[in-house]
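Participant: Let me begin by handing over the structure; questions about it come next.
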Amino acid sequence: MSQENVEASRRIGWRGQSQNGEYDMAVGIRIGLPGVGVEEFDRIDAGVNARGDHPDGLIFSCSGPVDGGWRVLDVWGRVRSSTRS
């Protein structure tokens, strides 16, 4: 990895490269649910039960109303990214 890439990776939060060329990093996932309102989302959320049965690797989750629907933002940790081809 070039010095420029190392410096860039530090700026975006990579913590370091393992000996096999992989990085551990968090990944954010944004989910748009067009046409979904609070009542419908509450039913979906109750069925998923992420608060009561917290999935392994889920660091953060939030959601709320947006124009025309609902939006969910989840951040998951320890996703592997390989620098190998």
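Participant: Under 5 Å between amide hydrogens, which residues at least 5 positions from residue 36 or on another chain qualify, with H placed 1.01 Å from N in the peptide plane?
Facilitator: Distant-sequence amide H within range of residue 36: 70.
Participant: Under a Cβ-Cβ cut-off of 10 Å, what is the net charge of the residues other than residue 31 that fall near it, where Lys and Arg count +1 and Asp and Glu count -1? Write down the numbers at each step before the final one.
Facilitator: Details: positive: 30, 71; negative: 74.
Residues close to residue 31 contribute a combined charge of +1.
Participant: Taking the Cα centre of region 24-82 as the origin, how large is its charge dipole in debye, to the nearest 20, when only Lys and Arg (+1) and Asp and Glu (-1) carry charge on their Cβ atoms?
Facilitator: Values: 6 positive and 9 negative charges, 49 e Å.
So the dipole magnitude of region 24-82 works out to roughly 240 debye.
No value in this document is a laboratory result; all are computed from the given coordinates. As the structure is a prediction and not an experimental result, all values here were calculated from the model. Heads up, the Cβs are rebuilt from the backbone with ideal geometry, glycines too, and the neighbour counts pull from every protein chain shown.
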